[in-house]
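So the structure is just underneath, and the comments pick up after that.
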Amino acid sequence: MGVIKAVCISEKKGTAKVNVGSGLLIEDFGIQGDAHAGSGHRQVSILSYEKIRDFKAEGAPVEDGSFGENLIAADIDLSELSVGTRLKCGEALLEVSQIGKECHSSCAIGKTMGRCIMPTEGIFAKVIKGGRVKSGDYIGLLPITL
């Protein structure tokens, strides 16, 4: 089981997200107030706290939300998750819908550092059941029921 370290949103697309500490996850939509929320399959983006920390140690000038991530999760190995995995996150229920993404050519982090970790380390999820999420909440796998 992991813990949420940051909840980030942006009011406009094309801008870095900022850590707002808490948010409302809306079923089949995303985080209330986030410009990237919508009915698609990439409603919430999640990135590992440890991967961000390691990237910062390489000299990357990044802050919470710099990669466009909505949630920063610590102590959970996101690389072990697969599409369809369900996660309890605060009061909400998420389902992993995509692993990684194609990086757009105008990524400021990629230009500065020569690479970006979101395309390989980030995951995306749909909101199956809405609810509040905040820094300090647990995030963990739900057991598979048959």
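The residues of segment 26-62 that are of a type in the set (Val, Ile, Thr) and more than 15 Å from residue 13 (Cβ to Cβ), listed by number, are 26, 44, 46, 52, 62.
Considering segment 1-40, and only residues there that are in a loop (DSSP other than H, G, I, E, B) and basic (Lys, Arg), the residue that is nearest to the chain's Cα centre (by Cα) turns out to be 17. Where strands (runs of 3 or more DSSP E) fall wholly inside segment 56-129, the ranges with 2 or more residues that are at pLDDT 90 or above and more than 19 Å from residue 18 (Cβ to Cβ) are 86-89, 92-99, 123-129. If you go through segment 21-54 and keep only what is out of contact with any Gly (no Cβ under 8 Å at 6 or more places or on another chain) and among the β-branched types (Val, Ile, Thr), you end up with just 52.
The values are calculated or read from the model by the stated rules, or taken from the named source; none is laboratory data. Because the structure is a prediction, the values reported are computed rather than measured. Cβ: placed from backbone, ideal geometry, glycine included. Neighbour counts: every protein chain shown.
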